[in-house]
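What follows is a short report on a single structure.
The values are calculated or read from the model by the stated rules, or taken from the named source; none is laboratory data. For clarity, every value in this text was computed on a predicted model and none was experimentally measured. Cβ placement follows ideal geometry from the backbone for every residue including glycine, while neighbour counts extend to all protein chains displayed. Heads up: the accessible areas ignore ligands, DNA and RNA and are worked out on the full protein's heavy atoms, side chains in. Shrake-Rupley method; radii C 1.70, N 1.55, O 1.52, S 1.80 Å.
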Amino acid sequence: AAGEATITCNSNDPYTMEQPPFATCKVTVSSDYAVTSITLPEAFELLVGESKTLKATVGPENATDKSVKWSVKAENGTPEKLTITEDGVLTANGFNMAGTNVYTVTATSVSTPNVSASVAVTVKIVNAGEVQLAAKELSLAIGETATVEATVLPEGASQNVLWSSSNDAVVKVYQAPG
């Protein structure tokens, strides 16, 4: 049972005439069960803009406090484009063009801080493969305007585009804000 007790050890020397020597030890028994292990999924990739909820499996099954604290660290200390919430929601917010895109995500036991587990996460981008326009040809009167929409494929690629005209005297192109 949980609680406190004192263990006493007396000398059992039959020739000691007075109070035998003794020593005590105070023992506290806790009903808490400490965390001994944390398991995370295998290494994985995340595309920019994607989110994934990580689940830490904490053992033993009867551990009293299974809560974990999440952290993210870049392999070489470059600015981090990967974030994680206290609930384990991991989001790839961007891509480091001049740095690492490999991160270490760690779950550390709140009640037993020396118990943790880590997983490698690689942030990737989808490269643009094709640009499609909503119109292939337009006929306009002088002074008339039109909007042409562009879609960058494959899905997940950045939708940022740069517009230009082969003859600004005939058609001027204005970059839409956003």
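Per residue, how much accessible area does the chain show when a 1.4 Å probe rolls over the protein heavy atoms, in square angstrom? Before the final figure, lay out the partial values.
On the way: 12970 Å² over 178 residues.
I get 73 Å² per residue for the chain.
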Apply the Karplus parameterisation 6.51 cos²θ - 1.76 cosθ + 1.60, with θ equal to phi minus 60°, to every residue of the stretch 137-149 and state each ³J(HN,Hα) to the nearest whole Hz, in sequence, with x for glycine and proline.
9, 9, 10, 10, 7, 4, x, 7, 10, 8, 10, 10, 9
Note on the stretch 46-100: the mean projected area of its alpha-carbon convex hull, in nm², is 4.5 nm²
Quick one: Cα convex hull volume of the stretch 90-178, Å³ per residue?
153 Å³
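For Y33, what charge total do you get from the other residues with a beta carbon under 13 Å from its beta carbon, if Lys and Arg give +1 and Asp and Glu give -1? Present the calculation step by step, with values, prior to reporting the outcome.
Numbers: positive: K66; negative: D32, E61, D65.
That works out to -2.
Where does the stretch 3-128 land on the Kirkwood hydrodynamic radius, alpha-carbon pairs, in angstrom?
By the Kirkwood definition, the hydrodynamic radius is 18.1 Å.
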Distant-in-sequence amide H partners of K124 (H built 1.01 Å from N, under 5 Å):
L46, L47, V48
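Share of Cα-Cα pairs in the stretch 81-124 beyond 18 Å, in percent?
Working: 327 of 946 pairs.
Value for the stretch 81-124 (Cα pairs over 18 Å): 35 percent.
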Sequence order, the stretch 53-68: Karplus ³J(HN,Hα) from phi using 6.51 cos²θ - 1.76 cosθ + 1.60, θ = phi - 60°, Hz rounded, Gly and Pro as x, gives 8, 8, 10, 9, 8, 9, x, x, 4, 9, 4, 5, 10, 9, 6, 10
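Leaving out ligands, DNA and RNA, what percent of the accessible area of the chain is carbon and sulfur, probe 1.4 Å?
Using a 1.4 Å probe with all protein chains present, the chain comes out at 52 percent carbon and sulfur.
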